[in-house]
Amino acid sequence: MKNRSTRRSILKSAFALAAASLSGPATFARRAVSAVEALPVRKVADGVYAFTGAVDLMTEANGGEICNLGFVVGGESVAVIDSGGSLVEARALIEAISSTTPLPIRYLINTHMHPDHTFGNAAFADAGAVIVGHHNLPRALASRGEFYLRNYRAMMGDALMAGVRIVPPTRLIAEPGEIDLGGRTLLLTPWKAAHTDNDLTVLDRETGTLFTGDLCFVDHLPTLDGSIKGWMAQLDALAAIPAKRAIPGHGPVPSDWPTALEPERRYFQALVADIRKAISGGVPLSKAVQSAGESERGRWSLFDEHNERNATAVFAELEWE
């Protein structure tokens, strides 16, 4: 299988050909997809496969392929965990699945609302999969969907955004429950507000493989779009999940569990301590966010891209506690 840079070269050539010869975005997308080989997944456990995304922001250069994706093969069907950052990536994942097993894709499970995890949903909906998500996910996508489509077009370009639409889940998870793939069950657990207010984890009981979504970041600085207090309060419960390995939302695949959570815990503790100190000292937000969490700078990728935004969200949440 060719490496990621080779796949991107193929994709770039397909985009150029499509731009030169095709008029409609739907046709453009089909031509571009036809030139993309299967997403390079690896087997991490019996019947469990994963793709490792780039530790980066979503851009045209990386194809929006920045989050980790996966699928689990049961006795009768397949469940996919997250759909990727474009229809191109989603269809490449479908190709990887079809190259692995003839079984149908019965479920697509979204771990939360963010575009790198959901922009490929339409490809799976069109293939007949039932989309599963946290009970808050439809509301979150309805609230932010148009914003995501508009703003990510500027970052990703028209080619990668061709055909992308917001497709919410139809099977909603409000309490822990299972889905059966035929002699193999996955435990789906919804969480209170943390990374977002619609986080969902997926545990393959058979192999002890935990898909954490963005409740666990490794190497990539965690990003906050929910509640820092809620996230920190749930770390112990998350760590107590009896998994042998984790597929984090971002970072190495697989990662050790639960040790993968410890750097995240340390970062949150430092960030919260710095913000609380600034608030008690009367430091204004504009100044506090420039220094909060600085002790963690050398330990994470994308620190400059995300830390100040995290600090701003933490300040807003803690200011009136």
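The values are calculated or read from the model by the stated rules, or taken from the named source; none is laboratory data. Computed from a predicted structure; not experimentally measured. Cβ sites come from the backbone with ideal geometry, for glycine too, and all protein chains shown count toward neighbours. SASA here: full protein model, heavy atoms, side chains in, ligands and nucleic acids out. Shrake-Rupley method; radii C 1.70, N 1.55, O 1.52, S 1.80 Å.
Using packing as a proxy for protection, rank 116-129, 235-248 so that the peptide with the highest average count of other Cβ atoms within 10 Å comes first. Working shown, then result.
Values: 116-129: 22.6, 235-248: 18.6.
Ranking the peptides 116-129, 235-248 by packing returns 116-129, 235-248.
How far is helix 4-21 tilted, in degrees, relative to the longest principal axis of the Cα atoms in the chain, given as a value from 0 to 90 rounded to the nearest 10? In the chain, helix 4-21 runs at an angle near 60 degrees to the longest axis. Residues in segment 167-177 carry Karplus couplings, in order, of 10, x, x, 10, 10, 9, 10, 9, 8, x, x Hz; the curve used is 6.51 cos²θ - 1.76 cosθ + 1.60 with θ = phi - 60°, and Gly or Pro positions show x. Using a/c under 1.5 as the rounded threshold, could you call segment 31-121 rounded, prolate or oblate? The axes a ≥ b ≥ c are square roots of the C-alpha gyration tensor eigenvalues, and prolate needs a/b larger than b/c, oblate otherwise. It is prolate, given that a/c is not under 1.5 and a/b is the larger ratio. Computed over the Cα atoms of segment 95-147, pair by distinct pair, the Kirkwood hydrodynamic radius stands at 12.2 angstrom.
Express the relative contact order of the chain as a whole percentage, based on alpha carbon pairs under 8 Å and six or more residues apart in sequence.
Reported relative contact order: 14 percent.
Beta bridges per DSSP, both residues in segment 114-204: antiparallel share near 75 percent. The spread of Cα positions in segment 96-221, taken along each principal axis and listed from longest to shortest, comes to 44, 36, 31 Å. Here the accessible area is traced with a 1.4 Å probe on the protein chains. For the chain, carbon and sulfur cover 52 percent of it.
Based on C-alpha pairs under 8 angstrom that are at least 6 apart in sequence, segment 101-149 has a relative contact order of 41 percent. Taking 0.36 nm per residue of separation and subtracting the current Cα-Cα distance, fully stretching the chain between residue 61 and residue 305 would add 86.1 nm.
Panel note: the C-alpha atoms of the chain, placed on their principal axes, show extents of 61, 48, 34 Å (largest first).
Give the percent of DSSP beta bridges with both residues in segment 186-321 that are antiparallel, rounded to the nearest 5. It would help to have the intermediate numbers written out before the result.
Details: 10 of 16 bridges.
Here the share of antiparallel DSSP bridges comes out near 60 percent.
Cross-link reach is defined here as a Cα-Cα straight distance under 17 Å, omitting same-chain residues fewer than 8 places apart; for residue 277 the aspartates and glutamates meeting it are 294, 296, 308, 317, 319, 321. Ignoring aspartates and glutamates fewer than eight residues from residue 43 along the same chain, the ones with Cα atoms less than 18 angstrom from its Cα are 82, 95, 204, 206, 256.
Rounded to the nearest 500, the 222 nm mean residue ellipticity of the chain from helices alone is -12500 deg cm²/dmol, with -39,500 (n - 2.57) taken per DSSP H run of at least 4 residues.
Computed packing ranks the peptides 261-270, 205-214, 64-73 as 64-73, 205-214, 261-270, most packed first, by mean other Cβ atoms within 10 Å. So which aspartates and glutamates can residue 192 reach, going by Cα to Cα under 12 Å and dropping same-chain residues fewer than 8 places off? The reachable aspartates and glutamates, counting only those whose Cα sits under 12 Å from residue 192, are 175. Each 5 Å bin from 0 upward holds the following percent of the Cα-Cα pairs of segment 180-274: 3, 14, 26, 26, 18, 8, 4, 1, 1, 0.
Assuming R0 = 51 Å, what is the FRET efficiency of residue 244 and residue 277, from their Cβ-Cβ distance, to the nearest 0.05? Display every interim value, and only then the final one.
On the way: r = 39 Å, r/R0 = 0.76.
Rounded to the nearest 0.05, the efficiency is 0.85.
When Rg and Dmax are taken over the Cα atoms of segment 225-321, they come to 14.4, 45 Å. Tell me, in nm to one decimal, what length is gained between residue 149 and residue 100 on full extension, where the rule is 0.36 nm per residue of separation less the Cα-Cα distance? Length gained between residue 149 and residue 100: 14.5 nm. Available extension along the chain between residue 256 and residue 232 is 6.7 nm, counting 0.36 nm per residue and deducting the alpha carbon span. Per residue, the chain exposes 41 Å² of solvent-accessible protein surface, assessed with a 1.4 angstrom probe and all protein chains in place.
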